[in-house]
Amino acid sequence: MKFSVNRELLLKPLLLVSGAVERKSTLPILSNILFDVSGRSLTLTATDLELEMVAYAEVDNQGEDGKITIPARKLLDICKSLPDNSLISFEVKDETIKLSSGRSRYSLSTLPAVDFPNIEEWQGDVEFQLLKSEFLRLIESTHFSMANQDVRYYLNGMSIECEGNEIRSVATDGHRLAICKISNESLALPARQVIVPRKGILEIIRLLAPVDESVKIFLGSNHIRIIDSEFSFTSKLVDGRFPDYRRVLPRNGDKVFETNKDALRQVLSRASILSNEKFKGVRLNFSETNLKITANNPEQEQAEEEIEIHFPYGELEIGFNVSYVLDVLSAIKDENVKFTLADANSSVVIEGSNNGEALYVVMPMRL
């Protein structure tokens with residue numbers, strides 16, 4: 001097995017697949033990337049048994065077709081540090097692979113390709129195409145509400161749902177809920193819900209660019225797969241039941257106020273500096289023309305901010321984890337935001353003023 005490839009043509013697929021390489025694996029082969037040379041095409045595959053990433057490159061094949069696994073981190077570091085546009089030659093000898101480029105020579109130990117685990121073959125029973133920008137917006141609008149290492153393992157991921165011409169993403173950690181939906185008239189999908197694990201969601205965000213190019217999405221009973229011209233990404237699904245979030249959507253909100261998103265984000269960010277580092281609580285005091293935001297911490301320090309609003313409902317005091325509200329304000333694209341409140345013990349619904357695509361629910365805190 002002997003081939004050569006331009007550094008730039010190899011670096012991009014290497015970077016694409018490296019996200020799936022297992023860092024702390026008990027299986028040494030999971031730290032390697034599978035190189036499969038067939039004719040002039042090179043296929044690179046990496047997996048951690050939960051995710052699988054495949055990317056492609058074109059090579060100048062000077063030997064026989066073959067497969068070998070190469071240590072991912074070392075190979076990536078070598079390729080990054082070589083000069084731009086250098087030609088890298090690979091040659092397998094016994095159980096090592098020899099790399100040469102100009103006057104540089106490297107020899108890396110390999111592991112046999114037959115030991116490399118492949119995610120089993122499966123057929124997607126729901127299949128659709130979306131623009132990358134749309135799919136990315138769907139995920140970025142909600143991903144920050146996923147739980148992290150929660151014992152309720154089904155919350156450590158995102159629910160992706162489709163029905164008819166609508167696709168939804170839903171994430172919750174039990175304290176907040178984020179829902180985003182996009183409609184596409186060209187779709188006619190069966191009702192389906194899958195839970196994609198947290199690591200898979202973060203990897204999809206890394207892979208997709210906000211461009212108007214289509215990407216194919218396949219949902220199976222145990223996997224989700226995304227196929228692009230440059231890569232194929234597969235993730236196992238979380239086996240569990242996602243909570244019925246429709247039941248917890250507040251219905252009794254009768255107090256609505258709108259305000260400029262950036263102005264509110266600035267005052268909340270400043271107040272959060274002096275909030276309790278552990279609980280991040282801030283107190284919001286609403287009056288007819290004014291919203292007062294206060295934060296305290298155990299060192300007896302206090303922050304107080306005010307912003308003008310129109311709130312003709314009488315006075316109301318409510319506490320929130322300021323990080324949750326700031327996450328929502330960062331995700332909303334509209335210039336103005338709309339808050340729907342009921343009382344001090346009820347969750348608030350936050351959404352953009354003009355765009356009904358995304359909706360956020362944040363539970364109150366007792367301060």
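The values are calculated or read from the model by the stated rules, or taken from the named source; none is laboratory data. These numbers come from a predicted model, not from an experiment. All Cβ positions, even for glycine, are placed from backbone atoms using ideal geometry, and neighbour counts span all protein chains on display. Remember, those area values only see protein heavy atoms, side chains included, never the ligands or the DNA or RNA. Shrake-Rupley method; radii C 1.70, N 1.55, O 1.52, S 1.80 Å.
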Task: Per-region count, the range 322-354, residues open to solvent by 50 Å² or more (accessible area, probe 1.4 Å) and within 22 Å of the chain's Cα centre (by Cα) - done: 3
Open item on the list: Which count do you get for residues in the range 355-367 that are part of a strand (DSSP E or B) and more than 24 Å from Phe279 (Cα to Cα)?
Closed with: 1
- [ ] Pairs only if they're at least six apart or on different chains, beta carbon under 8 angstrom, first in the range 238-250 and closer than 11 Å to Val361 by Cβ and open to solvent by less than 70 Å² (accessible area, probe 1.4 Å), second of a type in the set (A, V, I, L, M, F, W, C) and in a loop (DSSP other than H, G, I, E, B); list them, first residue then second.
- [x] Pro250/Ala342
Open item on the list: Please go through (1) in contact with a Gly (Cβ under 8 Å, 6 or more places away or on another chain); (2) more than 27 Å from Leu136 (Cβ to Cβ); (3) in contact (Cβ under 8 Å) with a residue 60 or more places away in the chain for Pro364 and return the number of the only condition it doesn't satisfy.
Closed with: (3)
Task: Single residue of Ala55, Ala46, Ala72 found to be touching a residue at least 60 places away in the same chain (Cβ under 8 Å), under 25 Å from Ile205 (Cα atoms) and among the small types (Gly, Ala, Ser) - done: Ala55
- [ ] Looking only at the range 249-257, decide whether some residue is of a type in the set (Asp, Glu) and not in a helix (DSSP H, G or I).
- [x] yes
- [ ] Would you be able to tell me the number of residues in the range 1-42 that are under 28 Å from the mean Cα position of the chain (by Cα) and either polar (S, T, N, Q) or under 12 Å from Ala57 (Cβ atoms) (or both)?
- [x] 18
Task: the range 284-316: number of residues that are charged (D, E, K, R), open to solvent by 60 Å² or more (accessible area, probe 1.4 Å) and closer than 23 Å to Ser330 by Cα - done: 4
Open item on the list: Give all pairs with beta carbons closer than 8 Å in which a residue from the range 321-339 that is hydroxyl-bearing (Ser, Thr, Tyr) meets a residue that is open to solvent by less than 10 Å² (accessible area, probe 1.4 Å); count only pairs at least 6 apart in sequence or on separate chains.
Closed with: Tyr324/Val362
Open item on the list: Take the conditions open to solvent by less than 10 Å² (accessible area, probe 1.4 Å), at pLDDT 95 or above and not acidic (Asp, Glu) and apply them to Val17. Does it pass?
Closed with: yes
TODO: Collect the residues in the range 60-85 that are among the polar types (S, T, N, Q) and open to solvent by 20 Å² or more (accessible area, probe 1.4 Å), keeping them in residue-number order.
DONE: Asn61, Gln62, Ser81, Asn85
Task: strands (runs of 3 or more DSSP E) contained entirely in the range 286-354, each with at least 2 residues that are farther than 20 Å from Val170 by Cα - done: 290-296, 302-308, 316-321, 336-341
- [ ] Answer yes or no: is there a residue in the range 107-117 that is of a type in the set (Asp, Glu), touching a helix residue (DSSP H, G or I) at 6+ places or on another chain (Cβ under 8 Å) and closer than 22 Å to Leu49 by Cβ.
- [x] yes
Open item on the list: Name the single residue that is modelled with the lowest pLDDT among those in the range 21-48 being touching a helix residue (DSSP H, G or I) at 6+ places or on another chain (Cβ under 7 Å) and not β-branched (Val, Ile, Thr).
Closed with: Ser25
Open item on the list: I'd like the full set of residues that are open to solvent by 20 Å² or more (accessible area, probe 1.4 Å) and part of a loop (DSSP other than H, G, I, E, B), limited to the range 20-45.
Closed with: Glu22, Arg23, Lys24, Ser25, Thr26, Leu27, Gly39, Arg40
TODO: Starting from the range 17-30, keep only residues that are in contact (Cβ under 8 Å) with a residue 40 or more places away in the chain and hydroxyl-bearing (Ser, Thr, Tyr), then list their pairs with residues that are surrounded by 12 or more Cβ atoms within 10 Å (Cβ to Cβ) and outside any loop (DSSP other than H, G, I, E, B) whose Cβ atoms are within a distance under 9 Å, requiring at least 6 positions of separation or different chains.
DONE: Ser18/Ile33; Ser18/Ala46; Ser18/Met53; Ser18/Ala72; Ser18/Arg73; Ser18/Leu76
